[in-house]
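J.: One structure, pasted below without further comment.
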Amino acid sequence: MRFTYAEAMTQASYYAPLAQAAEAAGYTSMTIADSLIYPESSDSTYPYTDTGDREFLDGKEFIETMVLCAHLFAHTTTLRLTPFVLKLPVRPPVLVAKQASSLAHLSGGRLGLGVGLSPWPEDFDALGVPWERRGKRMDECMDILKGLTTGEFFSYSGEFYEIESLKQCPGAPSPIPLLVGGHVDAALRRAVRKGDGWMHAGGDGEELDRLLKRLAEIRAEEGDDRDDFEVHVISYDAYTVDGIKRLEDKGVTDCIVGFRVPYIKGPDTEPLEDKIKHLEQYADNVIAKVNG
């Protein structure tokens, strides 16, 4: 089992010391949240909280995801960084490919690129991208990322993007895993058909079991037997050694763990020292015992 430390919507100055502490404690990776704008008014709801409220986002310090990855890679040597998840179809895919290849090159291949659809129509409006057919646009973006990050000449002809043969140098030192976020059936199938893994955004245990079962069914339908297909989940089972064994038996490869509820209005008041203490205690009590 691999372990990912999750912290978001805290003070921007905390991220570098937290990344260093997670690396020293034995975590494999750290998630990096993505948020582009906060509209003053919106009818949209957040899909991963019980109430759908979005006010917890107001005033939070979100450093642009790829910029923050570059910052944290410069402060670490082994820690993998996993955007969770980059709102891909609102961004120009050629630019994202250049950013991703550059990060992978400079970090020695430590980028695992979580990608997904934004739940906010306002993101699409602000970036000048149509909301309609966003799933198809997402598929094309993923195709382009996979092609251009090789560093070889690549061309593409799709519904949304036409790319003459070109290449970007440097390419990634190894293929960048594309990890698809989302709970709807289309996202699970996209993870299998287009991606290299799936990222779970949270929920109760029964819902996670349903999603894992459906993911396994889709992999069987698609004839996907890859040993390196990644399954990242958030689960209460991740906080005990016995629970980790249960998750492994269900095909989970990566546990995402955090130590506070980030969906709070106003600033995060937890001191940095407490955050480091919590991640170190988990490493001592779970990671060390699981990985020996």
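The values are calculated or read from the model by the stated rules, or taken from the named source; none is laboratory data. In this text, all values refer to a predicted model and were calculated from it rather than measured experimentally. Note that we place each Cβ from the backbone using ideal geometry, even for glycine, and neighbour counts take in every protein chain shown. When the accessible area is computed, the model is the full protein with side chains, heavy atoms only, and any ligands, DNA or RNA have been set aside. Shrake-Rupley method; radii C 1.70, N 1.55, O 1.52, S 1.80 Å.
J.: Please calculate how many Å² of accessible area the chain carries per residue, with a 1.4 Å probe and no DNA, RNA or ligand atoms counted.
T.: 47 Å²
J.: Now for a different question. So how far, in whole Å, is the C-alpha centre of region 115-143 from the one of region 258-289?
T.: 32 Å
J.: Classify the chain from the C-alpha gyration tensor, please: rounded if a/c falls under 1.5, else prolate or oblate depending on whether a/b exceeds b/c.
T.: Verdict is rounded for the chain.
J.: Continuing with the same structure: Order these peptides, 186-198, 13-25, by their mean beta-carbon neighbour count within 10 angstrom, highest first.
T.: 186-198, 13-25
J.: Any idea how far the Cα center of region 1-66 sits from the one of region 184-239, in Å?
T.: After rounding, the separation between the Cα centres reads 21 Å.
J.: Still on this structure: Along the charge dipole of the chain, pointing to its positive end and built from +1/-1 on Cβ of Lys, Arg, Asp and Glu, which listed residue (SER35, ALA186, ALA19) has its Cα farthest out?
T.: With unit charges placed on the Cβ atoms, the residue in question is ALA19.
J.: Sort 244-253, 172-181 by packing, meaning the average of other beta carbons within 10 Å per residue, with the highest value first.
T.: Per-residue mean Cβ counts within 10 Å order the peptides as 172-181, 244-253.
J.: Let me ask something else about it. Expressed as a whole percentage, what fraction of the accessible surface of the chain belongs to carbon and sulfur atoms when a 1.4 Å probe is rolled over the protein heavy atoms?
T.: Exposed carbon and sulfur together represent 51 percent of the surface.
J.: Suppose a student asked you for the relative contact order of region 1-62, using Cα pairs under 8 Å spaced at least 6 residues apart; what percent would you report?
T.: Rounded, it is 43 percent for region 1-62.
J.: Ordering PHE153, PHE62, PHE56 by accessible area with a probe of 1.4 Å, largest first, what comes out?
T.: PHE153, PHE62, PHE56
J.: If you count only protein heavy atoms and use a 1.4 Å probe, how large is the accessible surface of VAL233, to the nearest 10 Å²?
T.: 0 Å²
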